[in-house]
Amino acid sequence: MMEHLLTSEAISALLTLTFLEIVLGIDNLIFISIITQKLSVQHQKLATNIGLFLAMLLRIVLLFGISVVVQMQSSWLTINTSWLKTNINGQAVILILGGLFLLYKSTHEIFE
């Protein structure tokens, strides 16, 4: 039952996600500490705790939402032309949007 979790692909994916979570956590800490410097000392700890809780909650909700969309294997849209025949599902939408975002960010960085 759990054999597929002990494959090299699953372990490397887990390590990659763990590394990304650590980087995002550090990024959240730095951003929240910069923002809370403008508050009084009394409110800084409360604002930091609320900010970290909301960041964690938002990350969990977004991961759950993405996992639901990616698991949708039924076709949302069928394209059937003379030169292109394909079905678009939730996983394809996420991959297309992610690719477009990466193209935009890289182009933006090159020309900035």
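Every number in this text was worked out from the coordinates using simple rules, so none of it is lab data. Keep in mind that this is a model prediction, so the values were computed, not measured. Neighbour counts run over all protein chains shown; Cβ positions are idealised from the backbone, glycine included.
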So, of the residues in segment 73-96 that are within 27 Å of Leu63 (Cα to Cα) and either exposed (fewer than 11 other Cβ atoms within 10 Å of the Cβ) or among the charged types (D, E, K, R) (or both), which turns out to be farthest from the chain's Cα centre (by Cα)?
-> Thr78
Hits in segment 34-49 - residues which are in a helix (DSSP H, G or I) and loosely packed, with under 13 Cβ neighbours inside 10 Å = Ile34, Val41, Gln42, His43, Lys45, Leu46, Asn49
Which of the residues belonging to segment 50-87 are of a type outside the set (Lys, Arg), out of contact with any strand residue (DSSP E or B) (no Cβ under 6 Å at 6 or more places or on another chain) and outside any helix (DSSP H, G or I)?
-> Met72, Gln73, Ser74, Asn80, Thr81, Ser82, Trp83, Leu84
